[in-house]
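What follows draws every value from the coordinates through simple rules; no lab data is involved. In this text, all values refer to a predicted model and were calculated from it rather than measured experimentally. Backbone-built Cβ (ideal geometry, glycine too); neighbour counts: all protein chains shown.
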């Protein structure tokens with residue numbers, strides 16, 4: 001049985017005056033794209049200046065995504081376009 005341990009959380013942060021902030025998990029997502037879309041939708045609907053949203057996950061999931069998107073940018077050449085100081089290997 002395959003178990004997917006990747007979890008992206010959309011966290012709601014509430015700040016009221018000088019008291020400590022409170023945090024609530026708004027949504028669990030397996031895919032990063034779904035979590036980003038949900039977070040963006042919440043931000044568009046938010047009319048409370050004391051409320052904000054951010055994404056959270058475990059270190060392994062985050063690093064795996066960083067490596068995946070970096071490798072993809074190297075393959076398609078966009079990494080070298082965005083970083084002209086790095087010479088593309090011949």
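Values for this structure:
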read-out	value
Principal-axis tilt of helix 59-76 within the chain, Cα atoms, nearest 10 degrees	40
Candidates 66, 74, 25, ranked by Gaussian network fluctuation over the chain, Cα under 10 Å, top entry	74
Cβ-based exposure ranking for 47, 58, 33, in which fewest neighbours within 10 Å come first	47, 33, 58
Net lengthening on full extension, residue 67/residue 43 (0.36 nm per residue, minus Cα-Cα)	5.9 nm
Share of pairwise Cα separations in the chain, more than 19 Å, in percent	57
Efficiency of FRET between residue 59 and residue 90 - r from beta-carbon atoms, R0 30 angstrom, step 0.05	0.30
Helix-only CD estimate at 222 nm, as mean residue ellipticity for the chain, using -39500 (n - 2.57) per DSSP H run (n ≥ 4)	-13000 deg cm²/dmol
Degrees between helix 32-45 axis and first principal axis of the chain (Cα, 0 to 90, nearest 10)	40
